[in-house]
Amino acid sequence: MDHGKGLLKGTDMSNLPLLTDAAVGVKDGKVVFIGSREESERYGAKQVIDAKGKLVTPGLVDPHTHLVFGGSREHEMVLKQQGVPYLDILKQGGGILSTVAATKKASEEELFEKSSFHLNRLLSFGITTVEAKSGYGLDEETELKQLRVVKKLNEQHPVEVVSTFLGAHAIPPQYQENSDTFLKDMISMLDLIKEEELAEFVDIFCETGVFTVEQSRIFLREAKEKGFDVKIHADEIDPLGGTELAAELEAVSGDHLVGASDQGISMLANSETVAVLLPGTSFYLAKEKFARARTMIDNGCAVALSTDFNPGSSPTENIQLIMNLAALKLKMKPEEIWNAVTVNAAYAINRGGRAGQLKVGQQADLVLWDAPNYEYVLYHYGVNHVHSVWKSGVNVYERGGFFERVPVS
């Protein structure tokens with residue numbers, strides 16, 4: 001899976017390099033050989049793993065998760081089935097405010113243990129690099145607590161964890177009439193976050209009832225001036241112009257984009273901003289409308305896929321299910337889907353050239369699949385096809401269990 005190029009846009013997403021009867025050589029955590037099995041025999045490898053009848057791919061990359069949070073919200077499912085409006089769920093203490101309360105209450109150690117459990121699950125589905133956002137604090141103390149947990153996960157867990165500050169995830173009740181003041185409070189945190197190296201991205205939820213396009217523009221520009229790269233939750237429900245803003249600001253990614261306008265898609269196609277699509281969210285919320293992936297790709301956009309793992313709208317670590325949904329609901333081709341969870345997903349979190357490809361000289365993040373070909377994983381849904389996972393050349397997961405270096409809560 002070495003394309004010989006970087007971010008894949010438009011028709012290039014259909015290019016999926018394949019080798020049969022092939023071998024991958026790994027030494028000191030790096031890929032040192034890719035070629036035919038016959039050629040590999042000249043190297044006299046100390047250890048050989050027979051992958052006959054199986055598939056080998058790069059480690060998958062998940063570029064949008066809300067990994068660190070307290071509590072869970074399974075009790076809300078019945079309310080949703082009964083048609084109870086989300087605002088009424090909020091009034092009952094549910095929704096995002098429920099997660100905020102649970103996250104405030106949890107200690108840093110408790111959040112680390114809980115997040116480790118979910119990170120292990122992500123790994124078991126083939127993910128070796130993941131982005132993780134804050135956003136369930138909505139105050140300085142809890143946001144910093146979440147970000148410190150993310151940093152600790154990256155230091156202690158084999159999966160590489162990329163941190164994003166999403167303090168502007170919602171408007172706290174006490175700021176409902178003065179959201180500009182809340183955004184100023186979040187901006188005031190950026191110097192400390194930069195000093196402690198707690199995040200490399202800043203994100204904001206630009207949507208009806210949350211933050212406007214103009215508020216998002218001001219907020220993200222200030223973040224960029226302070227040295228952060230930016231992302232944006234954009235046009236998840238309404239076509240406000242968040243997609244256009246993502247391209248205008250040269251955001252690394254614009255995420256959700258279910259309501260992206262034709263103009264927004266055109267601007268994305270003429271930018272290096274990655275469209276990160278989250279079909280699991282539309283599926284779980286029983287929405288009829290999904291992001292227009294086919295239109296985006298056909299018009300030259302770069303598309304990535306993600307679980308959007310979170311306790312409210314997409315409580316799943318199963319990236320393989322997301323790949324199935326991309327085929328069935330987003331009408332993406334198998335080759336496009338694989339590129340969307342590897343190379344493009346890596347570029348969506350500034351890990352292009354380091355993750356998401358099998359390439360000589362890059363870190364050896366590999367997944368061995370119990371599947372005869374790449375199309376089979378998309379076809380046979382609802383199960384985990386992963387046999388083994390290597391991170392930087394170290395075998396960190398095999399079906400049936402993790403290795404000791406993976407913290408299991």
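For segment 1-151, relative contact order (Cα pairs under 8 Å, six or more residues apart, normalised by length) works out to 24 percent. Under 5 Å from the amide H of Leu278 lie the amide H atoms of His256, each residue being 5 or more positions distant or on a separate chain, with H modelled from the backbone and absent for Pro and chain starts. Altogether, the Stokes-Einstein calculation at 4 °C and 1.567 mPa s, with the Kirkwood radius of the chain over Cα pairs as Rh, returns a diffusion coefficient of 60 µm²/s. The Cα center of segment 213-280 and the Cα center of segment 119-145 differ in position by 21 Å. Across segment 316-327, rounded Karplus estimates of 3J(HN,Hα) from the backbone phi angles (6.51 cos²θ - 1.76 cosθ + 1.60, θ = phi - 60°) give 9, 9, 8, 5, 5, 5, 4, 5, 4, 5, 5, 6 Hz, Gly and Pro being marked x. In angstrom, the C-alpha Rg and Dmax of segment 1-153 are 22.3, 68.
The calculated 222 nm mean residue ellipticity attributable to helices in the chain amounts to -9500 deg cm²/dmol, summing -39500 (n - 2.57) over DSSP H runs of n ≥ 4 and dividing by all residues. Annotation: amide H-H contacts under 5 Å for Asp229 (H modelled 1.01 Å from N, sequence separation of 5 or more, or interchain): Val202.
For segment 252-377, the spherically averaged projection of the C-alpha convex hull amounts to 8.2 nm².
Karplus-based coupling profile of segment 61-67, in residue order and whole Hz: 10, 10, x, 7, 9, 10, 5, with θ = phi - 60° in 6.51 cos²θ - 1.76 cosθ + 1.60 and x standing for Gly or Pro. Applying a threshold of 25 Å to the alpha-carbon distances of Lys80/Lys331; Lys54/Lys391; Lys27/Lys114; Lys152/Lys226; Lys152/Lys359 flags Lys80/Lys331; Lys27/Lys114; Lys152/Lys359 as lying beyond it.
Amide H contacts of Tyr397 (H built 1.01 Å from N, in plane; Pro and chain starts excluded): Val389 sit under 5 Å, all sequence-distant by 5 or more or on other chains. Report note on the peptides 12-21, 97-106, 312-321: ranked by the mean count of other C-beta atoms within 10 Å, highest first, their order is 312-321, 97-106, 12-21.
Using θ = phi - 60° in the Karplus curve 6.51 cos²θ - 1.76 cosθ + 1.60, the 3J(HN,Hα) couplings for segment 262-274 round to 4, 5, x, 5, 4, 5, 4, 4, 9, 10, 9, 6, 8 Hz; x is entered for Gly and Pro.
Laboratory data are not the source of any read-out in this text; all were calculated from the coordinates shown. Everything quoted here is computed from the prediction, not taken from an experiment. Ideal geometry is used to build each Cβ from the backbone, glycine not excepted, and the neighbour counts take in all protein chains shown.
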